[in-house]
1. Given the peptides 126-134, 174-182, arrange them by the average over their residues of other C-beta atoms within 10 Å, most packed first.
2. For region 4-48, max minus min Cα coordinate along each principal axis, in Å, sorted largest first?
3. Is region 1-114 rounded, prolate or oblate when judged by the Cα gyration tensor, a ≥ b ≥ c being the square roots of its eigenvalues, rounded requiring a/c under 1.5 and prolate requiring a/b larger than b/c?
4. Looking at the chain only, what percent of DSSP beta bridges run antiparallel? Nearest 5 please.
5. Packing-wise, with mean Cβ within 10 Å as the measure, how do 245-257, 145-157 rank, highest first?
6. Equivalent ellipsoid semi-axes for region 165-258, as square roots of 5 times the alpha carbon gyration tensor eigenvalues: give them largest first, rounded to whole Å.
7. Once each part is reduced to its C-alpha centroid, what is the distance from region 166-188 to region 1-63 in angstrom?
8. Using the Cα atoms of the chain, I'd like the radius of gyration and the largest Cα-Cα distance, Dmax, both in angstrom.
Amino acid sequence: MSLRANNYYKAKSLEDAYNKLQENPKNAIIAGGLWMKKTGLSYETLIDLSELGLDKIEEKNGYIHVGAMVSLRDFESSPLIQSLNNGATAFGVREVLGPAFRNSATIGGSVFGRYPFSDVIASLLPLDVKLVFYPKQEMSLEEYLNFRGKMNGILEEIIIKKEEGKGYFKKVKTTALDFPMINFSIVKRNNKNYIAIGSRPLTAALAVKAMALADEGKFQEAADMAAEELQYLDSNNISKEYRQDLVRVYVRRGLEEVNK
Ligand SMILES: Cc1cc2nc3c(=O)[nH]c(=O)nc-3n(C[C@H](O)[C@H](O)[C@H](O)COP(=O)(O)OP(=O)(O)OC[C@H]3O[C@@H](n4cnc5c(N)ncnc54)[C@H](O)[C@@H]3O)c2cc1C
């Protein structure tokens, strides 16, 4: 597929980018452009955010601020991100294709797109993550995933609370560079267990009843609950039942790992 557009516009500020976006429903923000290229849609004007300084990762008062234009490669390589959950959050993002691809794909494009298969979203969901949009709007990652309809604003940054934690990430795939058949991201932080399961093939969600059982130390019961409380569907290469079997195994393993 190729990416087709009549114009390419380098925004001078977020306000400028937003105004340009509102001018025509066929205008769009472009980040790495990789998913946009894959979908093969055509656009009137592509709005480039690359000169707006959104490519930084900074720690401020116990929070990690990640600009929307930070590449997946810079994200996974950042010592700040690697310090989270014994490296599991960085590892989850490193599961996306190869380094050359991750040098172009961005955190902003990955989160804004809410792709059901996303290893990036699954990696972030068990953490305390806030999304900041322009014009001024903030919501948690979970709220954004549950938000129905199209978001009108521009994703400016994601803010991750820096907490001590232990993490586990598992992507089940048929070949090394494939999309996930299902992915698991489990984190213990603040003495609580968080279980995110994505690519079911639905967008990642937290298994909240399973999390409560895990907090009581009932790991197999939690894994069984996670297989029931979230929705799983059949897709090309994997059945709903096989997905649920994987949940019973990997959720228990992940919980054992983060509670060692
Ligand atoms: C062949 C292929 C295989 C992939 N495999 C995986 C995989 O196994 N696991 C995985 O997790 N991901 C996978 N991905 C997805 C990839 O990791 C990125 O999430 C995806 O490419 C989007 O990032 P991007 O920077 O390319 O965004 P773009 O393609 O530039 O943008 C994506 C969408 O987000 C919008 N957008 C981008 N940035 C902003 C912003 N700041 N504010 C508002 N809107 C914005 C764009 O308008 C567009 O609608 C794959 C992608 C491809 C093309």
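Only the coordinates and a few stated rules stand behind these numbers; no lab work does. All figures in this text were calculated on a predicted structure; none of them were measured in a lab. With ideal geometry, Cβ positions are generated from the backbone for all residues, glycine too; neighbour counts draw on all protein chains shown.
1. Packing order, densest peptide first, comes out as 126-134, 174-182.
2. Result for region 4-48: principal-axis Cα extents of 28, 19, 13 Å.
3. Numbers: a/c = 2.90, a/b = 1.58, b/c = 1.84.
Verdict is oblate for region 1-114.
4. For the chain, the DSSP antiparallel bridge percentage is about 80.
5. 245-257, 145-157
6. Over the Cα atoms of region 165-258, the ellipsoid semi-axes are 22, 14, 10 Å.
7. 29 Å
8. 18.4, 57
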